[in-house]
Amino acid sequence: MTRPVGDLPVIDIAPLRQGAGPRDRVVQELDRACSETGFFYVVGHGVGPALQQQLDTAARAFFALPDEQKARVAMDRGGRAWRGWFPLGGELTSGVPDRKEGLYFGAELGPDHPRVAAGVPLHGANLFPAHPAALREAVLAYLDALTDLGQLLARGLALALGLDGDWFATHLTADPTILFRIFRYPPTGTTGHDPSRQWGVAEHTDYGLLTMLLQDPVGGLEVRTPSGWTAAPPIPGTFVCNLGDMLERMTGGRYRSTAHRVRNTTEHDRLSFAFFFDPSWDAVVEALPLAGDPTAEAGPRWDGANLHGYRGTYGDYLLAKVAKVFPQLGGEVLHHPGTEARPDPDPDPCTSAGQ
């Protein structure tokens, strides 16, 4: 049963950003939130409201266009960079189409970048529509702002784990993999013959380190906590943050990657802006050098997956994941000759990238 938002803490991270004030309190609150729920809100993040409003306005203008115009920047035009627009039902969770459409972005890389020149998947230029022209400027500025926020939160998490504050930046996120998604969830209502198809995105976990979500006022995000499903409604001026599978793996279960889902039961469109801050593409994700005995597992995961058996780079792991979300594109990307084939890290395809 859905429980009140009070289960998810709101943490003021301004002392981390300003290098002054009660930093120890922030670190303790982050540690508790990551250990207990894997979900929390942050304020004092330094991302200005003007940029957020610019992004929201431009995104709404884009989604209001006819599909044939949006298709000019469709993902099948993005090649191995895997960028662009997908239509309603174009992304899968557990093999079932999600009730959302979206835009995929990533680090803006030109043709001379070594990985782009080598044809490495998920690297390249973004596809920006001619209209609204403001979307390009807003997205690029947002990528920079949220990358900075991700590094700041990674510093807080390192301190919470008893590591040097720069541990992640030194060992794992000097060149982070950044993925940015803008989603539109149309109303689904509360009735229907197939309830499973009412979900904007069904139950899933994220697969990297840290997700930072900006929500519009509509809401619809729910989080699985130890005591049941909890609503995570929008709170003005905040980002919702949650941990991904790789951080659970690295901490041996001390920090949890928490399942969540979305359903829009209102009469209005819901927009969300999900920024994924993940390990460097070539990083081998291994257990952190934490003090003390390993943390006992908090029971089986919702999907039965074993996060601790995978061996390989984060890039290989990510490719196997996103190929399930977009199987029509996965074959071309995964069979690129520069991509090393590895066993599927997740035999259960309950994966998505939506909030």
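The Rg/Rh ratio of region 50-182, with Rg taken over Cα atoms and Rh as the Kirkwood radius over Cα pairs, comes to 1.02.
Neighbour counting of Cβ atoms within 10 Å sorts the residues T147, T177, T265, fewest neighbours leading, into T265, T147, T177. Across every direction, the projection of the convex hull enclosing the Cα atoms of region 166-269 has a mean area of 8.2 nm². By the rule of a C-alpha distance below 24 Å, with chain neighbours fewer than 8 residues away ignored, the lysines paired with K70 are K100, K324.
Each value in this text was obtained by applying a stated rule to the coordinates, not by laboratory testing. Here the structure is a predicted model, which means the values were calculated and not measured. No Cβ is skipped: glycine too gets one built from the backbone with ideal geometry, and neighbour counts run over all protein chains shown.
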